[in-house]
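Accompanying notes for the structure given below.
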Amino acid sequence: MSERSPLVLIPQFFGSLVFDRRTSRYLPFDADSTTVLARLVDVPVKQVLADEVDDERFDRLIRFYEHFHELGFFTVEGRFAGTVLSGLEVPADHLVGPLAVHLEVVSACNLTCTHCFAGELPRREKRLGLAEIDRVFAEMARLGSFRLGLTGGEPLLRKDIFRVIDMALERGLAPCITTNGLLITEEIAREFGKRDLVWLNVSLEGATAETNDKVRGPGTFAKVLDRLAMLREHARFTLAFTIMRTNLAEIQACAELAHTVGADTAVFRPLYPVGIATQHQELMPTFAEYNTALNELALMDRNAPIDVRHIDPFSPQARQETQSVIHQNYGCGAGNLVCSISVSGDVNPCSFLGPRFVAANVREQSLAEIWHNSSGFQSIRTLSHTEPASGAGFAGGCRARALVLNGSINAPDPWITAQTTDTGSPGIVHNPLVILDVTGR
Ligand SMILES: C[S@@+](CC[C@H](N)C(=O)[O-])C[C@H]1O[C@@H](n2cnc3c(N)ncnc32)[C@H](O)[C@@H]1O
Ligand code: SF4
């Protein structure tokens, strides 16, 4: 694989996003800072400072340089340690491409979990072949869509899964894969260990066999723990938990378990009421319950040398900080920041929205065409929004949750309404995805 610079500057209507390959994160820059960074590709900082005639701007440049120098943005010669994505058409009102793409690589599974967002499996669709997937990966790299989530079904049922991962790495993408862990053999563990994945997530739904197996099926907890004992010898991995009614009481124990089995991190996501989960509404936590569970993790962080990190760039919290910068409407990430591609190439602003929202297929149109011009993506970007306090319409959060629980993608997301009106809740953490670093213990 060719040596790649650690940073990529992706021009955007507000300036740019810089993707940092070392952290797999995007940082937003306004137009002025973007001009400075682009100039620093060719001209060292000494020269840029020497050319500056305005004292105030000179001071700002020094502070800018010092701050981003700390983050490894510059070479020893004082140049931007990155490349600029060129030849892109920059739209006036949305990103040049999704920041993350979720790709369903298999639509079959060896389990039948009662919460599965993938719905009834198997779906007998003609899946994308390697050449088709590689075309999508090449386009993603051209659009600055570096984050890739490989999901399913069970990805390890796909015999060529390591080829898929390698193609993504060869295109400079940052892949993450989520597996139920049951098919991991020593050879597969070794193969994972050889690759530089952003995340290798292994899913469990509780800290005990009783809780996990209620959702994932009898015997799965013990089998997965057995696979993990082998995996830890060869690769870094994360334990991924879905927060639902059945495991609320053992959230801290889940984090402890992650540490005990040798995981680097634990990730907690809320249950979304989609797919098979729609038939099991009893699993769905209320916002208050979910919030309490997250706060228990936060308390753990305070009482023990554990670092609870909020690392997902698409979380509502991160979105609140950056949404006015990187997309102009007040929507969720669907179609604004991310999109999903089904096993047979259907592109959806978010797979949680269901087949009715499929915009087009990558077998018929390029990802860029679908992202910019399909009516499905254009219309989700122009949907109206309301003030959160009014409770009248969608005011941020998750459009899929609004659709399922309130009947329309334009209805309020009940979790956001709860967040803004439920003053009785502890309200320390409002984040749907918490990464708990257990390595420090
Ligand atoms: C659909 S699975 C596919 C990968 C693999 N089969 C597995 O179970 O890890 C991807 C992840 O989504 C989680 N998940 C499944 N249904 C969900 C739902 N309704 N809401 C939130 N997460 C869900 C799973 O627990 C798993 O961690
Ligand atoms: S959550 Fe994963 S393991 Fe469970 S049924 Fe869905 S795809 Fe299969």
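The values are calculated or read from the model by the stated rules, or taken from the named source; none is laboratory data. A quick note: this is a predicted structure, and the numbers were derived from the prediction, not measured. Methodologically, a virtual Cβ is constructed for each residue, glycine included, from the backbone with ideal geometry; neighbour enumeration extends over all protein chains shown. The accessibility values were calculated without ligands, DNA or RNA, using every heavy atom of the protein model including side chains. Shrake-Rupley method; radii C 1.70, N 1.55, O 1.52, S 1.80 Å.
Worth pointing out:
- Filtering Gly206, Gly217 for residues that are more than 23 Å from the chain's Cα centre (by Cα) and within 15 Å of ligand 1 (Cβ to nearest atom) leaves a single hit, Gly217.
- Scan of the stretch 142-166 for residues that are closer than 30 Å to Thr83 by Cβ, open to solvent by less than 20 Å² (accessible area, probe 1.4 Å) and either assigned to a helix (DSSP H, G or I) or within 16 Å of ligand 2 (Cβ to nearest atom) (or both), ordered by number: Leu143, Gly149, Leu150, Ile161, Val164, Ile165
- Check on Phe137, among the aromatic types (Phe, Trp, Tyr) and not in a helix (DSSP H, G or I): no
- Filtering Thr83, Thr75, Thr114 for residues that are of a type in the set (Ser, Thr, Tyr) and within 16 Å of ligand 1 (Cβ to nearest atom) leaves a single hit, Thr114.
- Residue ID - most open to solvent (accessible area, probe 1.4 Å), chosen from residues in the stretch 233-259 that are in a strand (DSSP E or B) and out of contact with any Cys (no Cβ under 6 Å at 6 or more places or on another chain): Thr242
- Residue match in the stretch 210-227 (condition: within 16 Å of ligand 2 (Cβ to nearest atom), assigned to a helix (DSSP H, G or I) and touching a His at 6+ places or on another chain (Cβ under 6 Å)): yes
- Qualifying residue in the stretch 260-283 (condition: at pLDDT below 85, within 29 Å of Gly354 (Cβ to Cβ) and open to solvent by less than 10 Å² (accessible area, probe 1.4 Å)): no
- Summed over the stretch 118-132, residues that are within 11 Å of ligand 2 (Cβ to nearest atom) and either in contact with a Phe, Trp or Tyr (Cβ under 6 Å, 6 or more places away or on another chain) or open to solvent by 40 Å² or more (accessible area, probe 1.4 Å) (or both) total 3.
- Residues that are away from ligand 1 (no atom under 16 Å from the Cβ), within 27 Å of Leu337 (Cβ to Cβ) and open to solvent by less than 70 Å² (accessible area, probe 1.4 Å) do occur in the stretch 50-67.
- The stretch 1-45, subset of a type in the set (D, E, K, R), free of Cβ contacts under 8 Å to residues at least 60 places away in the same chain and closer than 22 Å to Ala168 by Cβ, residue surrounded by the fewest Cβ atoms within 10 Å (Cβ to Cβ): Glu3
- Considering Ala392, Ala360, Ala368, the condition of being closer than 23 Å to Ala141 by Cα, without any contact (Cβ under 8 Å) to a residue 40 or more places away in the chain and small (Gly, Ala, Ser) is satisfied by Ala360 alone.
- Residues of the stretch 181-191 satisfying the condition of being over 14 Å from Ala263 (Cα atoms) and crowded, with 17+ Cβ neighbours inside 10 Å: Leu182, Ile184, Ile188, Glu191
- Hey, Ala92 farther than 22 Å from Ile188 by Cα and in contact with a Phe, Trp or Tyr (Cβ under 7 Å, 6 or more places away or on another chain) or not: yes
- Any hit, the stretch 204-212, residues being out of contact with any Cys (no Cβ under 8 Å at 6 or more places or on another chain), open to solvent by 40 Å² or more (accessible area, probe 1.4 Å) and among the β-branched types (Val, Ile, Thr): yes
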